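Data block below; observations after.
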Amino acid sequence: MKKLRSRVTKEIHTLFNMRFVEDISMYQIRTDLALETQEKMQQDHVDLKGVRFLEEKIGNQLVISTVVIETENGAKTMGKPKGTYITIEAGNMDEEDEDYHREISVQLAKTIKSLIRCKKEELSVLIVGLGNREVTPDALGPRVVDNLFITRHIVREYGKYAFGTDKMNRISSIVPGVMAQTGMESLEIVKAVVDETKPDLVVVVDALAARSTRRLNRTIQVTDTGINRSRKSQARIEPEKSVCSGDLHRHTNRRGCSNYRK
């Protein structure tokens, strides 16, 4: 009886493993990271003309990688729009280390500032938190907005001197949710808010998909290209006034990108 049970168990495991390998080969695992796309192109010995890559190590903890897509041919090869993609990799980001998190925050602020073309002393900034707060892998954007210091309404009502300072950026935010909740595309909601409030800058935060599990909760990509949503909706937040950043909060499943994104 034990031998029969062992044989049946072995057959089931063999069948499952074969089926899994067969199923996974049917899908192309994709990534939202320009860095991972560049790495894959190098592995496949693809000639990346019109694409520049730089890497900088800061201390023993942070690695800053910059991928600059300069030409249309480079964009076509990479499958991503022209622009600058800066990736911050922090190996211990998921650990409860306040000093380390402060170091990451300082570097992230420098990175975002380097991509801001508007050089006003005081800016009106709209922060958009994309995603579904009810679904953990997709809740990054809404959770970031929950922790922001919003100032636009106070400055408009009482002036910047309410904060005891001569300079104060006007920060506003919105969480547009997902279509299943609102019946509208995120782009439609954001565009309406931008047309009404006319911010100088839009910062869009979203969770991204990765190929490698070693980048889970350890990687932030910041780009000036805007955010391209799903192929189905063809919606895009344009890059004219946007800086987009996303923490790698999930890993692609065997069917490609996350099931949670609209």
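We did not get these values from a lab; they are worked out from the coordinates using the rules stated. These numbers come from a predicted model, not from an experiment. Here Cβ is always computed from backbone atoms with ideal geometry, including for glycine, and neighbour counts include all displayed protein chains.
Structure notes:
- Segment 71-88 and segment 35-62: distance between their alpha carbon centers, rounded to Å: 12 Å
- Charge sum, other residues only, whose C-beta stays under 11 Å from T71's C-beta, Lys/Arg counted +1 and Asp/Glu -1: +2
- Peptides ranked, highest mean first, by Cβ atoms within 10 Å: ranges 187-199, 145-157: 187-199, 145-157
- Karplus-derived 3J(HN,Hα), 6.51/-1.76/1.60, for each residue of segment 160-172, Hz, glycine and proline x: 5, 6, 5, 9, x, 9, 7, 10, 7, 6, 9, 9, 10
- Pairs from the list K82/K110; K113/K198; K110/K198; K80/K113; K40/K198 with a Cα-Cα gap above 28 Å: K40/K198.
- As a rough guide to protection, the peptides 58-70, 210-222 ranked by mean Cβ packing within 10 Å, highest first, stand as 210-222, 58-70.
- In segment 25-129, chymotrypsin sites (Phe, Trp or Tyr not before Pro) in a DSSP loop with at most 12 other beta-carbon atoms within 10 Å: Y27
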